[in-house]
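The values are calculated or read from the model by the stated rules, or taken from the named source; none is laboratory data. Note that this is a predicted model, so its numbers are computed, not measured. Neighbour counts are summed over all protein chains in view; Cβ atoms, including those assigned to glycine, are modelled from backbone coordinates with ideal geometry.
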Amino acid sequence: MISLLGVAVVTLRPQSKGIGAANLGSVWRLFAAAGYSGREFSIGLPLSSEPSQQFRLHLRLIAGTWKLVSVDLPNEINLRFAQLIVKAVKK
């Protein structure tokens, strides 16, 4: 379904070298754009997009581990999902 929506898939690969000087700017941008509230953390991605066009990831600290608890989608994607569901139900 992701390909039907035209959404890019991002693969995260762990870096064995850690965070280098070249990456510190990116890490700072992520930190500055994130929202923190106690045990909860959220970030809108991609950082270069307007907030209305971002996917917002919500994480919560549960038993000492950050867990993804929800994902907010841009309205455009929500509308596409609704249209696909209506099409599927009509068939």
Whichever residue in the range 44-91 is out of contact with any strand residue (DSSP E or B) (no Cβ under 8 Å at 6 or more places or on another chain) and of a type in the set (Ser, Thr, Tyr) and, among such residues, is nearest to Trp28 (Cα to Cα): Ser48
Among the residues that make up the range 71-82, is at least one of them assigned to a loop (DSSP other than H, G, I, E, B) and either exposed (fewer than 14 other Cβ atoms within 10 Å of the Cβ) or hydroxyl-bearing (Ser, Thr, Tyr) (or both)? no
Which of the residues that make up the range 52-91 are charged (D, E, K, R) and closer than 20 Å to Gly38 by Cβ? Arg56, Arg60, Lys67, Asp72
Subset of the range 1-53 [closer than 27 Å to Gly64 by Cα, at pLDDT 85 or above, within 17 Å of the chain's Cα centre (by Cα) and among the hydroxyl-bearing types (Ser, Thr, Tyr)]: Tyr36, Ser42
Tell me which residues, restricted to the range 66-90, are without any contact (Cβ under 8 Å) to a residue 40 or more places away in the chain, of a type outside the set (Gly, Ala, Ser) and under 17 Å from Arg56 (Cα atoms). Trp66, Lys67, Leu68, Val69, Val71, Asp72, Leu73, Pro74, Asn75, Glu76, Asn78, Leu79
Could you please give the count of residues in the range 31-70 that are surrounded by 12 or more Cβ atoms within 10 Å (Cβ to Cβ) and part of a strand (DSSP E or B)? 15
